[in-house]
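*Asks:* Here you go, one structure.
Nothing in this text is a laboratory measurement; each read-out follows from the coordinates by a stated rule. Here the structure is a predicted model, which means the values were calculated and not measured. Glycine gets a Cβ as well: all are built from the backbone with ideal geometry, and neighbour counts include every protein chain shown.
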Amino acid sequence: MLEIRTVGVLGAGLMGSGIAEVCAKAGYSVVVREVDERALAAGRRRIENSLSKAKERGKLREEDESAILSRLLFSSSLAEISSSDLVIEAIVENLAAKREVFDALDKACAPHAIFCSNTSSLTIAELAAGTKRPDRFAGLHFFNPVPVMKLVEVVRAIETSDDTIARVTEFARSVGKVPVACRDNTGFIVNRLLVPFLLDAIRAHEQGIGSVEDIDTGMKLGCAHPMGPFELLDYVGLDTVYAIAEIMFAEYREARFSPPPLLRRLVLAGRFGRKTGRGFYEYDERGNRKG
């Protein structure tokens, strides 16, 4: 079994930067690729801020912080990723965009390289179909915030080989995560169960069953959830949940996956949650809830 030494991460957003951070912490050499220097700088700042907070909490030594940062290479060139043993894609949740980048990577990377997608809703089979290595293609779905959340969904498509699954499962463990095996269905395990729950919370509010605050309080105190559904919606991003729901509804054609009208209206109004300062709740510039 070929050893994974260098990891390429496509995308330096919230998920990509988090994935890059945990890989570098685990001792891997990591190449982070974004489309422009501005996005790269933002991703680097996210990682530096995360490491700085860990250091302040006494969970990271200064010399370890320097070592982690030294393992990270930031680039806007796909060529820098071509020597990676494992490539993890974490770009926008759009099939055409993902297929385009995997097509370019397929031509640039060595035949032994494994491709993984961090997609939360698209099937791995439809991403792998555009490459010449469907046997070396799997899903590796991390959860936000990546440095904190322990779960990784390892997704096996029809053509994914036993060797590939064994290697990415062991890789997930090596970066401190707990892998769970998933079949290649839209939404995998967590979103298949979570998204209908979140959409039902919106419908309950639409139908006058309870206010946003009371539904959140009910689920936190009645079911011991750390966050209420509306708090979670704002945290994940209403635009993200809407996009995932649309993809899942197109796949399954079941009413429980259909985005409620209120969710669509909020997204059209640009109220995406914490990242825009308004969703079901309002937030200050630090992302803290007002009121």
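*Asks:* Using only alpha-carbon positions, what ratio does the radius of gyration of the range 6-183 give when scaled by 2.2 N^0.38 Å?
*Replies:* Relative to the rule-of-thumb radius for its length, the range 6-183 sits at 0.97.
*Asks:* Rounded to the nearest 5, what is the percent of antiparallel bridges among the DSSP beta bridges in the chain?
*Replies:* 20 percent
*Asks:* How are the alpha carbon pair distances in the range 191-285 distributed across 5 Å bins from zero to the largest one, expressed in percent?
*Replies:* Binned Cα distances yield the sequence 3, 15, 24, 26, 20, 9, 2, 0.
*Asks:* Using Cβ contacts closer than 10 Å as the measure, can you line up Cys182, Cys116 from fewest to most?
*Replies:* Starting with the residue having the fewest Cβ neighbours, the order is Cys182, Cys116.
*Asks:* For the chain, what does the helix formula give at 222 nm: sum of -39500 (n - 2.57) over DSSP H segments with n ≥ 4, over the residue count, nearest 500 deg cm²/dmol?
*Replies:* -14000 deg cm²/dmol
*Asks:* Another question, if that's okay. Given springs between every Cα pair under 10 Å in a Gaussian network model of the chain, which of Asn49, Asn118, Asn191 has the largest fluctuation?
*Replies:* Largest GNM mean-square fluctuation: Asn49.
*Asks:* Say a site is exposed when it is one of the trypsin sites (Lys or Arg not before Pro), sits in a DSSP loop, and has at most 16 other Cβ atoms within 10 Å; what is then the longest site-free stretch of the chain?
*Replies:* That gives 151-252 as the longest site-free run.
*Asks:* Report the one residue of Ser76, Ala113, Ala26 whose Cα lies farthest in the direction of the positive end of the charge dipole of the range 6-183 (charges on C-beta: Lys and Arg +1, Asp and Glu -1; origin at the Cα centre).
*Replies:* Ala26
*Asks:* Sticking with this structure for a sec: Hey, what did the chain get for relative contact order, percent, Cα under 8 Å, at least 6 apart?
*Replies:* 13 percent
*Asks:* Could you tell me the calculated FRET efficiency between Glu48 and Val190, based on Cβ-Cβ distance and R0 = 51 angstrom, to the nearest 0.05?
*Replies:* Given R0 = 51 Å and the Cβ-Cβ separation, E is 0.95.
*Asks:* Okay, moving on. What ranking do Met227, Met219 get, fewest neighbouring Cβ atoms within 10 angstrom at the top?
*Replies:* So the residues, fewest neighbours to most, are Met227, Met219.
*Asks:* In addition: Report the rotationally averaged projected area of the range 206-260 based on its alpha-carbon convex hull, in square nanometres.
*Replies:* 4.3 nm²
*Asks:* Against the longest alpha carbon principal axis of the chain, how many degrees, from 0 to 90 and to the nearest 10, is the axis of helix 95-108 turned?
*Replies:* 10 degrees
*Asks:* How far is helix 14-25 tilted, in degrees, relative to the longest principal axis of the Cα atoms in the chain, given as a value from 0 to 90 rounded to the nearest 10?
*Replies:* Computed tilt is about 40 degrees.
*Asks:* Using only Cα atoms, tell me the angle between helix 212-223 and the longest principal axis of the chain; keep it within 0 to 90° and round to the nearest 10.
*Replies:* For 212-223 against the chain, the angle is about 70 degrees.
*Asks:* Return the loop-located GluC sites (Glu not before Pro) in the range 223-254 (DSSP other than H, G, I, E, B) with at most 12 other Cβ atoms within 10 Å of their own Cβ; answer none if there are none.
*Replies:* Glu254
*Asks:* For the range 1-71, which GluC sites (Glu not before Pro) are in a loop by DSSP, counting at most 14 other Cβ atoms within 10 Å?
*Replies:* Filter output for the range 1-71: Glu3.
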